[in-house]
Number of protein chains: 2
Amino acid sequence: MTEVIEGLVPITRRTTSSLIVDQLRERIVDGTFPPGSQMAEAQLAATFGISRGPVREALQRLVQEGLLVNIKNRGVFVIELGPGDLADVCLSRRLIERKAASLLWKSKDERHLSRLAAAAGELAAAEGESWARIVELDLAFHEILVASAESPRLSRMFATLAAETRIGLATRPDVGRRPAELAAEHRTLVELLRDGTERRLLAAVDAHLDATLRQLTDA
Amino acid sequence: MTEVIEGLVPITRRTTSSLIVDQLRERIVDGTFPPGSQMAEAQLAATFGISRGPVREALQRLVQEGLLVNIKNRGVFVIELGPGDLADVCLSRRLIERKAASLLWKSKDERHLSRLAAAAGELAAAEGESWARIVELDLAFHEILVASAESPRLSRMFATLAAETRIGLATRPDVGRRPAELAAEHRTLVELLRDGTERRLLAAVDAHLDATLRQLTDA
DNA sequence: GCGCTGTAAGCTGTCAACAATCCGAATGAC
DNA sequence: GTCATTCGGATTGTTGACAGCTTACAGCGC
């Protein structure tokens with residue numbers, strides 16, 4: 001029997017396309033590739049120094065995630081989120097996040113609550129940071145909230161919604177909402193999760209997402 | 001100015017891989033490829049009479065949908081749904097379908113209501129049909145329900161959940177639930193949507209999904 | 001007999017080249 | 001000047017071949 005040696009971690013080489021996916025997703029949500037811009041396969045392949053195959057695969061995966069759209073024989077383009085799309089994103093996010101909040105409020109699982117509190121704290125501490133950083137921390141909080149439901153499917157759905165939110169927020173100017181205000185809202189959510197009523201908690205979730213939607217739509 | 005001629009529909013030649021996707025998805029959900037079985041690229045390519053490229057692309061898309069899992073350097077396999085997965089599917093379905101039912105109950109949009117009634121009727125008329133056909137009609141009803149929310153994202157999420165449900169139901173024997181019973185439940189839902197209270201409607205949705213989950217899990 | 005090592009087969013991951021398609025500018029007719 | 005047509009460039013869709021990884025089995029030493 002082969003024994004497992006302590007201290008040595010098994011190497012897990014990821015596939016090329018999955019590395020490309022991560023890089024491209026990051027660039028899409030942070031606005032490097034603005035909505036509507038074309039993702040040319042050959043150009044990307046040359047940039048990464050690899051063949052078109054893995055690039056093509058990565059693009060297909062992002063299309064499936066909903067961040068890119070594929071027009072046959074034309075190419076893939078970054079989605080352009082219209083007002084209807086933004087409202088739809090918020091509708092979907094509200095559905096998922098209300099459920100997650102409700103579950104966590106019932107379970108009061110301290111492991112998740114403390115992680116959320118930590119995320120809210122990071123957001124509060126990021127007062128002077130860049131707008132992109134603020135958005136990143138904001139959505140990290142919400143991702144933890146959804147993850148607390150311990151539902152792989154809800155988390156997977158939310159991942160795309162979060163990415164779309166980031167796309168929407170990336171192009172917005174950093175005016176509109178002050179980081180301090182945002183941090184306060186998140187801290188309120190944590191407090192209500194700990195010892196608020198369920199009604200007030202869900203109302204706060206709704207209000208928070210409504211504020212985000214307002215910021216996304218009036219531009 | 002080129003005029004548009006009535007009665008002629010624009011031809012939309014789909015890409016090869018998307019055709020493959022549809023065929024494979026159908027075969028996966030109907031149990032032709034049982035959970036755990038490997039989808040060998042070369043073999044499929046030979047079967048379809050095309051190259052490995054489009055097949056590979058189709059498989060990647062199904063992986064992204066969640067119907068297949070990709071093990072690096074090993075291949076892609078049909079997902080095996082454990083009890084936890086089935087519960088998760090039902091949790092997610094409940095969330096989405098409750099929302100859709102609630103929205104339709106509020107709007108009372110006759111266009112959607114009549115389509116739902118028609119779907120329920122088809123289910124009732126399929127008394128003697130095969131189990132696969134029953135399941136297909138069942139999920140068609142639920143797809144219409146979700147579509148009535150007119151949320152592209154909710155519909156897209158639901159598509160995967162419906163496929164997973166079909167995978168789960170495909171391997172179940174057709175015992176357990178009589179078609180007549182199923183049809184009655186759907187008809188009840190339509191009636192409650194039309195003139196029931198919201199509470200009773202949502203309770204009926206829950207009960208219906210609970211019954212499905214029970215059928216999926218005790219096998 | 002038991003365990004380890006080397007080898008073979010099959011599969012996926014990647015690459016470079018070819019074919020098909022679409023868009024846009026230049027050209028010509030009215 | 002305006003419209004229709006044609007041609008060229010660029011990009012995607014598809015193909016076949018090669019390299020790398022994983023697994024299973026046979027061979028060897030103990």
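If the condition is being more than 7 Å from DNA strand D (Cβ to nearest atom), farther than 10 Å from A:ILE20 by Cβ and in a loop (DSSP other than H, G, I, E, B), then segment A:32-56 contributes A:THR32, A:PHE33, A:PRO34, A:PRO35, A:GLY36, A:SER37, A:GLY49, A:SER51.
For A:ILE11, the criteria (1) more than 9 Å from chain B (Cβ to nearest Cβ); (2) more than 16 Å from DNA strand C (Cβ to nearest atom) hold in every case but one, which is (2).
Candidates are the residues of segment A:22-60 that are more than 13 Å from DNA strand C (Cβ to nearest atom) and basic (Lys, Arg); the one that is surrounded by the most Cβ atoms within 10 Å (Cβ to Cβ) is A:ARG25. With respect to A:LEU81, is the statement that it is within 16 Å of DNA strand D (Cβ to nearest atom), closer than 18 Å to A:PRO34 by Cα and not in a strand (DSSP E or B) true? It is false that A:LEU81 is within 16 Å of DNA strand D (Cβ to nearest atom), closer than 18 Å to A:PRO34 by Cα and not in a strand (DSSP E or B). The condition of being exposed (fewer than 15 other Cβ atoms within 10 Å of the Cβ) and under 30 Å from A:GLY196 (Cβ atoms) holds for only one of A:ASP109, A:ASP88, that being A:ASP109. When segment B:62-78 is filtered for residues that are in contact with a Leu (Cβ under 8 Å, 6 or more places away or on another chain) and more than 12 Å from B:GLN38 (Cβ to Cβ), only B:LEU62 remains. Checking B:ARG172, B:ARG166, B:ARG153 one by one, the residue that is part of a helix (DSSP H, G or I), at negative phi and out of contact with any Asp or Glu (no Cβ under 6 Å at 6 or more places or on another chain) is B:ARG166 and no other.
When you look at A:VAL63, is it within 11 Å of chain B (Cβ to nearest Cβ), without any contact (Cβ under 8 Å) to a residue 40 or more places away in the chain, of a type in the set (A, V, I, L, M) and away from DNA strand C (no atom under 12 Å from the Cβ), yes or no? It is true that A:VAL63 is within 11 Å of chain B (Cβ to nearest Cβ), without any contact (Cβ under 8 Å) to a residue 40 or more places away in the chain, of a type in the set (A, V, I, L, M) and away from DNA strand C (no atom under 12 Å from the Cβ). For segment A:20-47, what are the residues that are hydrophobic (A, V, I, L, M, F, W, C) and closer than 29 Å to A:ARG172 by Cβ? Residues satisfying the conditions are A:ILE20, A:VAL21, A:LEU24, A:ILE28, A:VAL29, A:PHE33, A:MET39, A:ALA40, A:LEU44. Within segment B:68-108, the residues that satisfy the criterion of being within 16 Å of DNA strand C (Cβ to nearest atom) and more than 9 Å from every other protein chain (Cβ to nearest Cβ) are B:LEU68, B:VAL69, B:ILE71, B:ARG74, B:GLY75, B:VAL76, B:PHE77, B:VAL78, B:ILE79.
Name every residue in segment A:141-174 that is away from chain B (no Cβ under 14 Å) and either over 19 Å from A:PRO83 (Cα atoms) or not aliphatic (A, V, I, L, M) (or both), in order of residue number. Passing the criteria: A:PHE141, A:HIS142, A:GLU143, A:ILE144, A:LEU145, A:ARG166, A:THR171, A:ARG172, A:PRO173, A:ASP174. Summed over segment B:176-199, residues that are free of Cβ contacts under 8 Å to residues at least 40 places away in the same chain and exposed (fewer than 13 other Cβ atoms within 10 Å of the Cβ) total 5. Being among the hydrophobic types (A, V, I, L, M, F, W, C), assigned to a helix (DSSP H, G or I) and touching a Ser or Thr at 6+ places or on another chain (Cβ under 9 Å) is a property that B:VAL63 lacks.
Read-outs throughout are calculated quantities, based only on the coordinates presented, and are distinct from any laboratory measurement. The structure presented is a predicted model; accordingly, all values stated were derived computationally and were not measured. Positions of Cβ are backbone-derived with ideal geometry, glycine not excepted, and every protein chain shown enters the neighbour counts.
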